[in-house]
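The values are calculated or read from the model by the stated rules, or taken from the named source; none is laboratory data. Fair warning: this is a prediction, and the values are worked out from it, not measured in the lab. Quick note on the areas: whole protein, heavy atoms, side chains included, nothing else; ligands and nucleic acids left out. Shrake-Rupley method; radii C 1.70, N 1.55, O 1.52, S 1.80 Å.
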Amino acid sequence: DACGFQLMRRLGLKDPLVQSLLKLVSNRDYRFSKRKCVVTGTKLVQDLGRRYHFHELLSSRVEDPAWEGLRAESRHNAESRVLQKIAKLTSFDGLIGTLDLPARVSAKELADPRLILCLDYIQDPGLLGTLL
């Protein structure tokens, strides 16, 4: 289509893409081997979308208005329970996207290292909100 992406069929839990996303979310070594990360939440995806190009975007809606202005190689429609499982939340119906992991840099390479927040294995979204 004119935007350069193709909307695929509705993804279920057994779909290979969904299985890959679940592995990206739960397996740190797999994440680093693929050099990709999963971003969940409409606001966060939209904020990152101003600056970055996504590999995949997922939504439970076929024509989600939240996709507007977001660049992605592919966009997918997924069942709500699939999104919940990927987001590791009992109630979730937002956007999910995949991005390249940032390149590793040493503290000496950072332009202004006065404030650095490094997070991994955040299990509770409320905790992340508190930290930020």
Handout entry: Selection status of Ser33, open to solvent by less than 40 Å² (accessible area, probe 1.4 Å) and assigned to a helix (DSSP H, G or I)
Key = no
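Could you look through the range 36-59, keep only residues that are hydrophobic (A, V, I, L, M, F, W, C) and assigned to a helix (DSSP H, G or I), and pick out the one that is most open to solvent (accessible area, probe 1.4 Å)?
First pass over the range 36-59, keeping only residues hydrophobic (A, V, I, L, M, F, W, C): 37-39, 44-45, 48, 54, 57-58.
Subsequent filtering for residues that are assigned to a helix (DSSP H, G or I) retains 44-45, 48.
Values: Leu44: 81, Val45: 0, Leu48: 46 Å².
This residue is Leu44.
Taking only the range 60-110 into account, find how many residues are of a type in the set (A, V, I, L, M), outside any loop (DSSP other than H, G, I, E, B) and either open to solvent by less than 50 Å² (accessible area, probe 1.4 Å) or under 15 Å from Gly41 (Cα atoms) (or both).
Number of matching residues: 9.
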